[in-house]
Every structure is written in structure tokens, then in C-alpha cells.
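The next block holds one structure in the form of C-alpha cells; read it before the comments.
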Amino acid sequence: MKKLENEAKRVLLKNWKDGFSVPCANLYPFQWKWDSGFIAIGFAHFDMDKAEKEIATLLAAQWDNGFIPHIVFHTESDTYFPGPDFHQSELHPQSSKTYKSTGMTQPPVTGFVLEEMYNISTNKTATLAYINSMIDKVYHNHTYFYENRDPNNEGLVYIYHNWESGTDNSPIWDDIFATMNPPHYEFKRRDTTHVDASERPTNREYDHYLHIINIAKEHNYSDEKIAELSPFLVQDPLFNTMLIKSNEALINLYKLIGGNVDKIAQLTQWNTKAVHSMNTKLYDKDLKVYVHYDLRNEKPIPFITSSSFSPIFANIATTPEQVKGLVDVMLDKFGGEDMYLCASFDPTNELFNPKKYWRGPVWVNLNWMLYRGLRKYGYNEVADRVKNDTLEIVEKSGFYEYFDARKSVHLTDKAGYGGGDFSWTAALLIDLLQNKI
Ligand code: DGY
């Protein structure tokens, strides 16, 4: 395992670009928001300075309204589409004047990442001083979310693009895309020059992705207009879980820092409402898991995905029966003997595709969250299985972006897909090996 850990460190150092990390070479040549967070957790174990810079660089690209973009375009690169010229973040009057970025965001990891960094740190005083210099920016980001993305005042924020979810081409979005009929755009994909097209979204899917961005651009990325007009408007249990977890983390960190009574009260109020709505609106009593809600078309999306179990990562599931229900569904549908935990989409559903990005493969960041949650609720055996499965697939197949969930494939074929030497796979592997949770 020491060898694997050293390999993981090599991957992180290779992808470090003097102030931030790329998720992997070529395929993703800029800084991505949720990647950055997971990467900082890995670095915190052996180079706190880089971990701190990673988050500071991300937060330096924050907009004046508190928004943090999903990609920060620090450098010129022609290996990625769509780049800064397509996204045109400068259309928004409050966007960063220093950095070009996208006009959409990604899951709010930054709060809980700061707390992880504090927990890992061997110099708590120095790390807390660093956190003190960053934390208000994260608080501002959460204020942005609740003030601009919760039109019905439910404590649940929406995402307006599948790329904001992080789970880009999950079958969850299929019915929403079926309500749209975007033009056939002329564009040159770059991702499929780096990675086998069978592992990536289709061109027609990209038409939908670009179309939503064009609608937002026509209105200069105005949140109000997006809420009114975007054909994609979803309350995502994974996204909201991470926001709730980050709210909790900010409460804990503000308490360590001292003072900040009003902010703690506000964070507590957001979380009380958010947890209530997660358990009433996003919890499906029949399926016994959390599901996405299509806010545009006002209906739940009753698919089971790894996101459906993610609320155990934060203190959201309130009764032991609810947690047992989640674990039972996970084991029953995703946990067959021939399967690694945890596929990103229900393997018993006909839309499951074991190779295609978020339509089936195992992702290390989701496993990391599930592992944490299972431990917290005392499901130690299942937690260990998730951890060991994660270590095993990386050891067998390498530091890939995502992995086949079918054990048999790892014996005979290439079973790691997408980008190679992928930063968060390396970072979270280091955490799983070092953190005695
Ligand atoms: C991509 O290009 O596939 C990214 O996931 C977008 O964030």
C-alpha cells in the first residue's frame, strides 16, 4: 500500500500547476471547483502549503456576488471544449475581473474541505489562521446559493445545468433533455480526441449542454432569468448534501475561531430547513432513497443513483430505519457479489451503462463520501467493503477517472476509463489510506 500511496503522490505532484491542480492532463487542462476541493484533501496529508494554495486560488476567482465558478481558466489551452470564448463569464456584471471562468458552478465542497484540512493538520494554529482568512468567502458563497437559487424558499438550492451537478450525463437528466429540442451545433469536441468516445457523452447530448448555456448567456447569466427560463432546473440531493455538509463544517470552524454568532445562527437556520426539505421533498418513501426533483416540470425523478445514498455523508437521514433502508437498497441493487461498490447508476435498470461516464461506472469521490457516511452511522462492514473495493480497483487498474463496477471485467480487460492519472482518485486514495476514520 505504501507503493500505491507514493504513486498517488506522484500523480498529484504531476498535475500541480503552481497554485492549482488540473484534474488530469489534456482532457481537463484548467481548475475545476469540486476537483480542487478533493485534491486539497489529498495534499493536506503531505503538503499543506499546496492544499492551502489550491483553495485560495479557487476562491480568488469568486465573483462579487459570492458565486464560485465550476471552471477557472487560468491558462490558455486548446485541448478543451467549450473554453472561455464559449462561456464568456464577462457577460455577468459581477463576474471576476481577474479570471475568466464558466458561468455555472459545481457542488459546494469548499466548506467541508476546509474542515478536513483542519482535522488533518499537524499545526492546528497555523491552519486555523489560514481558514480564518478564507472562511468568509465560503460563507458568502452559501449566502449566494440560498438568496439566488431557492425561489420557493425551501432550503433546497437548484442547479441549472447538468455540469453543475458534477454527474454530467447521468440518466437522471434524460427526461429533461427529452423536453428540449436544441439546434445541432457546429463544434469540435476535444474530449473524444483524448478518451474513447464510448466512455463520453454523445454529440447530441453536447447540443443540449451548449443550448442551456446559450440561454443563460442571452441573459448575461442573470440568476433571475435562469430561474425563469432554463429548461433544466433541478434540486439535486448530492449537491444539497454537500451544501449541508459544508454548512455544518462552517459552523464547527466558526466556533473554533470564536465570535461570528450571527453567521452560526444563519448557517444553523439554513441547515434546519434544508434537512427538513431533504427528508420531505427529496426522500422517496417507496424507493427508500433520496431522489432528484425536476423543478422546471415539477416532478420527482425516481431513479436510484449513487447520489441517492449520499445524504448519509451529512447528518440528513434522521431515523435508523431510514439509514437502514438506504443501505439495504445499496446492497440489494448495487452490491451483488460480482460488483464493486458503488456504481453511479442502478445496475438493475436497463439504462445502466458500465462504461459511460456517469451512467454506471464507479467514481472514487462518491465512494469516499459513502464510506464516511457508512462509518458515521455504524455500518462498518459495508463501509470497509466500499473502502476496500476502492483500493482494489485503483490497484488493479490505475489512477483512472472512473471504473467498471463489474469485477469480471477487471480480471480480463481495461477496466479504468476516462482520464488517466486523475487527481481526485489519487487524492482521496491517500486520504482513505492515511485517515483512520
Ligand atoms: C466535462 O468537460 O466533461 C466536464 O465534466 C465539465 O465539467
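The values are calculated or read from the model by the stated rules, or taken from the named source; none is laboratory data. The structure displayed is predicted, hence computed values, not measured ones. Cβ coordinates were reconstructed from backbone atoms using ideal geometry, including for glycine residues, and neighbour counts include every protein chain displayed.
Restricting attention to the range 341-351, does a residue exist that is β-branched (Val, Ile, Thr), surrounded by fewer than 15 Cβ atoms within 10 Å (Cβ to Cβ) and not in a helix (DSSP H, G or I)?
Filtering the range 341-351 down to residues β-branched (Val, Ile, Thr) leaves 348.
Okay, now just the ones that are also surrounded by fewer than 15 Cβ atoms within 10 Å (Cβ to Cβ), so 348.
Still in the list and also not in a helix (DSSP H, G or I): 348.
Checked the range 341-351: at least one residue is β-branched (Val, Ile, Thr), surrounded by fewer than 15 Cβ atoms within 10 Å (Cβ to Cβ) and not in a helix (DSSP H, G or I).
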Original post:
For the range 43-96, what are the residues that are under 24 Å from ALA216 (Cα atoms), in contact (Cβ under 8 Å) with a residue 60 or more places away in the chain and in contact with a Gly (Cβ under 8 Å, 6 or more places away or on another chain)?
Top reply: HIS87, GLN88, SER89, LEU91, HIS92, SER95
Original post:
What pairs come up if the first residue lies in the range 14-27 and is within 18 Å of LYS53 (Cα to Cα) and aliphatic (A, V, I, L, M), the second is part of a helix (DSSP H, G or I) and within 16 Å of the ligand (Cβ to nearest atom), and their beta carbons are under 8 Å apart, counting only those six or more places apart or on different chains?
Top reply: VAL22/ASN15; VAL22/SER423
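Residue by residue, here is whether (1) more than 16 Å from the ligand (Cβ to nearest atom); (2) farther than 17 Å from GLY19 by Cα; (3) among the hydroxyl-bearing types (Ser, Thr, Tyr) holds:
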site: ALA56; (1), (2), (3): yes, no, no
site: LEU59; (1), (2), (3): yes, no, no
site: ASN65; (1), (2), (3): yes, yes, no
site: VAL72; (1), (2), (3): no, no, no
site: HIS87; (1), (2), (3): no, yes, no
site: HIS92; (1), (2), (3): yes, yes, no
site: SER95; (1), (2), (3): yes, yes, yes
site: GLY103; (1), (2), (3): no, yes, no
Original post:
If VAL327 passes every condition in (1) assigned to a helix (DSSP H, G or I); (2) over 25 Å from PHE399 (Cα atoms); (3) in contact with a strand residue (DSSP E or B) (Cβ under 8 Å, 6 or more places away or on another chain) but one, which one does it miss?
Top reply: (3)
Subject >> Yes/no for LEU326 being away from the ligand (no atom under 16 Å from the Cβ), over 20 Å from ARG406 (Cβ atoms) and either of a type outside the set (A, V, I, L, M, F, W, C) or modelled with pLDDT of 95 or more (or both) >> reply: yes
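If we scan the range 57-65, do we find a residue that is acidic (Asp, Glu) and buried (at least 24 other Cβ atoms within 10 Å of the Cβ)?
Applying the first criterion (acidic (Asp, Glu)) to the range 57-65 yields 64.
Still in the running and buried (at least 24 other Cβ atoms within 10 Å of the Cβ): none.
No, because not a single residue in the range 57-65 is acidic (Asp, Glu) and buried (at least 24 other Cβ atoms within 10 Å of the Cβ).
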Original post:
Of all the residues that make up the range 200-231, how many are outside any helix (DSSP H, G or I), within 16 Å of the ligand (Cβ to nearest atom) and over 24 Å from GLY419 (Cα atoms)?
Top reply: 0
Original post:
Can you tell me which residues in the range 387-409 are in contact (Cβ under 8 Å) with a residue 40 or more places away in the chain, in a helix (DSSP H, G or I), within 22 Å of LYS2 (Cβ to Cβ) and of a type outside the set (Lys, Arg)?
Top reply: ASP389, THR390, LEU391, GLU392, ILE393, VAL394, GLU395
Original post:
Can you pull out the residues in the range 260-292 that are assigned to a strand (DSSP E or B) and in contact (Cβ under 8 Å) with a residue 60 or more places away in the chain?
Top reply: HIS292
**OP:** Look at the range 119-145 and say how many of its residues are over 22 Å from GLN31 (Cβ atoms) and in a helix (DSSP H, G or I).
**Re:** 8
**OP:** Could you look through the range 166-194, keep only residues that are surrounded by fewer than 22 Cβ atoms within 10 Å (Cβ to Cβ) and hydroxyl-bearing (Ser, Thr, Tyr), and pick out the one that is farthest from the ligand (Cβ to nearest atom)?
**Re:** THR179
**OP:** Could you run through the range 242-265 and say how many residues are over 30 Å from GLU90 (Cα atoms) and in contact with a Ser or Thr (Cβ under 8 Å, 6 or more places away or on another chain)?
**Re:** 1
Original post:
Taking only pairs six or more apart or across chains, which ones have beta-carbon atoms under 7 Å, a first residue in the range 198-215 that is closer than 15 Å to ILE172 by Cβ, and a second residue that is within 13 Å of the ligand (Cβ to nearest atom) and part of a helix (DSSP H, G or I)?
Top reply: TYR209/ASN162; TYR209/TRP163
